[in-house]
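Single-structure report; data block below.
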Amino acid sequence: MILKIGIFIVIALLVLLVVTFFALRIPSLEIDAESSEKEKLLTLEKWLHRIHESGKFNGSVLLSKNGEVIFSESYGYDSVEVLTPLTEHSSFNLASVSKQFTAMGIALLHNQSKLKYNDKLSEHIPELAYYKDITIQHLLHHTSGLSDYMQLAAKHSYEDDILTTQEMVTLYQQNHPNLNFEPGSKFQYSNAGYVLLSEIIERVSGESFQSFMSSNIFKPLNMKETQVFNFLSESEPTNRVYGYKNSLWLFGGKKLPQDLNYFDGVAGDGGIYSSAHDLYLWHRALNDGALVSNELYNTAYTPAQLSDGSKTKYGFGWFINSDNSVEHAGGWQGFTSYIHRNFEQDELIIILDNSSNTLRVNSVGFRFNSIGLNLQYFMNIL
């Protein structure tokens, strides 16, 4: 009897794995390398339409090469309730792709000599003097050792309130959760570190994080569809998109809203909304050194060196690849975002989705047969 039950469980698991594989699977983008650029772009458009129709993508894709947009299309709607068609100007929650903007805020203050990368965290947030060895650079590089703030907040029952940055600081101040490792000795992705960076920006600049980012980054770059936004914001982003999910997860069912939650009173680790069009402007500005000279901003593309001499694959808000490219992905509630920049070829890939398709674009530490990988392949043969 026990053997029969065991066999049944194994078979059920195998069936579930097969079903999940096909639910996740995106067909490969088949491109004739000898066809014209126009034909390749048409094939790409049809492929994206196909995966949108199958419920595996709802969002915007933008590709640029040598400074020019070569493809920009959107598929689906900005919410499950209003059904406004998405465009390249639709403003999505960037989730962790926001981190590169937070890092730029720190870089701007550094270049204004208002702070230094090797400043101690406690110099700017004295309440956290307990963490005496953490520096701003550790926060930028995800090498601080700080524990996860979401687990800490959940442990102390913040589910009924909107967690603010100051409340997060107070949680660390009062509870002193141990570091996961000595600062600078390991890499461990830390959302808490980037929330603290947003607080440092506020204290050093004397402005709110939202105001500083708007006046120093978004407005100078004419990024009209980009804004720091959470439950504490007074206004919504232009052309705001809302996240959603399927009631049967990857297997379809009814579409249900899945947008902000009680953690969305903080920012820095996420909380920035932007459009495919504005992210293209951002890419161009970084290439042109519009905010910070390329010579100075190259620090953002330099991996951290750990205390044992080894190097990570993360700079300031960017994952660094061996092929002279950088990228970042993000996922929060219904949203998935991805940006890939290849310096050698001057190529840009932007993917924004609001339908909870996290496994179908590149995500931190995990790659599936995703839209992102297919688009990298496409750019390589274009």
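Brief remarks follow.
- Selected residue [free of Cβ contacts under 8 Å to residues at least 12 places away in the same chain, small (G, A, S) and more than 13 Å from N374 (Cβ to Cβ)] from S54, S74: S54
- Those strands (runs of 3 or more DSSP E) of the range 262-347 in which 1 or more residues are within 21 Å of S370 (Cβ to Cβ), in contact (Cβ under 8 Å) with a residue 12 or more places away in the chain and touching a helix residue (DSSP H, G or I) at 6+ places or on another chain (Cβ under 6 Å) occupy 325-332, 335-342.
- Members of the range 199-223 that are free of Cβ contacts under 8 Å to residues at least 40 places away in the same chain and more than 21 Å from S275 (Cβ to Cβ): E202, G206, E207, S208
- Of all the residues in the range 167-190, those that are touching a residue at least 12 places away in the same chain (Cβ under 8 Å), in a helix (DSSP H, G or I) and surrounded by fewer than 20 Cβ atoms within 10 Å (Cβ to Cβ) number 6.
- The set of residues from the range 40-79 being open to solvent by less than 70 Å² (accessible area, probe 1.4 Å), basic (K, R) and not in a strand (DSSP E or B) comprises K40, K56.
- Some residue of the range 32-39 being in contact (Cβ under 8 Å) with a residue 60 or more places away in the chain and surrounded by 23 or more Cβ atoms within 10 Å (Cβ to Cβ): no
- The residues in the range 80-100 that are more than 17 Å from the chain's Cα centre (by Cα) and not in a strand (DSSP E or B) can be counted, and the count is 9.
- Residue match in the range 210-227 (condition: of a type in the set (K, R), loosely packed, with under 14 Cβ neighbours inside 10 Å and modelled with pLDDT of 95 or more): yes
- Residue satisfying all of: in the range 334-349; over 13 Å from the mean Cα position of the chain (by Cα) and more than 18 Å from E88 (Cβ to Cβ); surrounded by the most Cβ atoms within 10 Å (Cβ to Cβ) among these: N342
- Y301 falls short of the stated requirement of being farther than 30 Å from V80 by Cβ and open to solvent by less than 10 Å² (accessible area, probe 1.4 Å).
- Some residue of the range 237-252 being under 23 Å from L197 (Cβ atoms) and surrounded by 18 or more Cβ atoms within 10 Å (Cβ to Cβ): yes
- Residue, nearest to V82 (Cα to Cα), within the range 233-248, restricted to residues that are touching a residue at least 60 places away in the same chain (Cβ under 8 Å) and either touching a helix residue (DSSP H, G or I) at 6+ places or on another chain (Cβ under 9 Å) or basic (K, R) (or both): R240
The values are calculated or read from the model by the stated rules, or taken from the named source; none is laboratory data. Small disclaimer: the values here were computed from a predicted structure and weren't measured. Glycine gets a Cβ as well: all are built from the backbone with ideal geometry, and neighbour counts include every protein chain shown. Note: accessible area is taken over every heavy atom of the protein model, side chains too, but ligands, DNA and RNA are not part of it. Shrake-Rupley method; radii C 1.70, N 1.55, O 1.52, S 1.80 Å.
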